[in-house]
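Derivation of every value follows stated rules applied to the coordinates shown; laboratory data play no part. Computed from a prediction, not measured in an experiment: that's the story for all the values here. As a convention, Cβ positions derive from the backbone with ideal geometry for all residues, glycine included, and neighbour counts pool all protein chains shown.
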Amino acid sequence: MKCLENPIWNDYTREELRKLKVDEPDEKCKKNVLKNWDAIAKPLDGMGKFETLIAKIGAITGTEEIDITKKAVVIMCADNGIVEEGVSQSGQEVTVAIAKAMGKGQSCVGQMSKAVGADTIPIDIGINSKESIAGVISRKVRCGTRNFRKEPAMTETETLRAIAIGIEIAFRCKNRGYQILATGELGIGNTTTSSAIAAALLKSEVQKVTGRGAGLNDTGLARKQKVIEEAIQKYDLYHADALTVLQTVGGFDIAGLVGLCIGGAMCHLPVVLDGVISMIAALLAERLVPGIKEYYIPSHKGKEPAIAMLTKELELEPVIDGNLALGEGTGAVMMFALLDVALSIYQGKTTFNDMRIEQYERLN
């Protein structure tokens, strides 16, 4: 599906979302990129996973002449009503404070993005404040979600609107010349929402996918797990479809990232995933529009326990194993730098003839 000049995003219904389809990446292009790697003066597969990742980017973009110079991390910012239940060390005022720093380029992801030549695009999709934040794009669906222990976090209309916003942002990025996107998020309580979604979609015991987030003690972790278990039972989420799970226990940040993943695939943009929240959004997008996962580039393994199960489900192999848990898209931005370094070898095209040595050949 080609990017449209003036698409109408807000008319999505559940049925229309289900009908969305994406093209398969160009497998022939992928094979050609891998052949190009073999022609470079180095041991076969010497760049390991980076050779297949660069080939995957070629397949996604449809060209062997790979260029990811213009890059951005899109950070979906929102608050979660579930924090009323004491599942986080911090209150919702922290979301506003960090969003303000993001708007000024002073947050962790802003500083890291400057270092690797990437732009930051923070989006207020559901911060619990009516304040206009300088440097942050306002696409607010609502001032935070509801407390899912008492009622579903979002209405279906709100959920679809947040997804549509993510798709819109991806299309706008494509039309402004961005060649690769990364997923970022900000929102106190979103390791609770992501753990609840993971448990439901993976049909897993809550304890296996729920971690300490920003540093809960044993009592706080037990409370967090109990809240999630109650919600899964209350709404029968082990038997619910992906959109219902997202609507019931998710957040606007996650829904926005679902849309970004879908929109990226529709526009043939590689999408670099960050940690557990991004991975949850990626799995939701794949469940809603099968085939989306072929457009994902993994970054890091992260600390949250759900990561291992999510990467297995999505058939991804993160390359950074740094025990990261910062969020904001920081791990994905680190991956930008690694991709640039790997791509410098691919683009350099130093051949065996240039080195005056015999080329290695594959024997099978």
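General observations
- Pairwise FRET efficiency - Lys208 versus Asp119, Cβ, R0 = 25 Å, nearest 0.05: 0.10
- Annotation note: trypsin sites (Lys or Arg not before Pro) in the stretch 71-148 located in DSSP loop regions with a Cβ neighbour count of at most 13 within 10 Å are Lys104, Lys130.
- The chain: relative contact order as a whole-number percent, Cα under 8 Å and 6+ apart: 24
- Per-pair calculated FRET efficiency, R0 = 41 Å: Ser138 and Thr219 via Cβ, rounded to 0.05: 0.65
- Gaussian network model of the chain, Cα within-10 Å springs - most flexible of Gln347, Gln92, Gln247: Gln347
- Given +1 at the Cβ of Lys and Arg, -1 at the Cβ of Asp and Glu and no other charges, the dipole of the chain around its Cα centre is 320 debye to the nearest 20.
- Taking amide H as placed 1.01 Å from N in the peptide plane, the amide H of Asp119 sits under 5 Å from that of Lys71, Ala72, Val73, each at least 5 places away or on another chain.
- The chymotrypsin sites (Phe, Trp or Tyr not before Pro) of the stretch 303-364 meeting both criteria, a DSSP state outside H, G, I, E and B (loop) and at most 16 other C-beta atoms within 10 angstrom of the site's C-beta, are Tyr360.
- Nearest-0.05 FRET efficiency for Glu230 and Thr350, computed from C-beta distance (R0 56 Å): 0.40
- GluC sites (Glu not before Pro) restricted to DSSP loop in the stretch 167-265 with at most 13 other C-beta within 10 Å: Glu205
- For the stretch 66-76, the Karplus equation 6.51 cos²θ - 1.76 cosθ + 1.60, evaluated at θ = phi - 60°, returns couplings of 7, 9, 10, 4, 8, 10, 8, 10, 9, 10, 8 Hz by residue, with Gly and Pro reported as x.
- Over 23 Å between alpha carbons, listed pairs Lys114/Lys174; Lys140/Lys226; Lys56/Lys349: Lys140/Lys226
- Look at the dipole of the chain built from charges on Cβ: of Ile127, Pro43, Gln359, the Cα furthest out on the positive end belongs to Ile127.
- Between Val341 and Glu27, the simple spin-label model (points 7 angstrom out along Cα→Cβ) gives 3.3 nm.
- Whole-Hz couplings from phi, Karplus 6.51/-1.76/1.60, listed for the stretch 178-188; x for Gly and Pro: 5, 10, 7, 10, 10, 9, x, 8, 8, x, 4
- A straight line joining the Cα centroids of the stretch 257-273 and the stretch 183-256 runs 23 Å.
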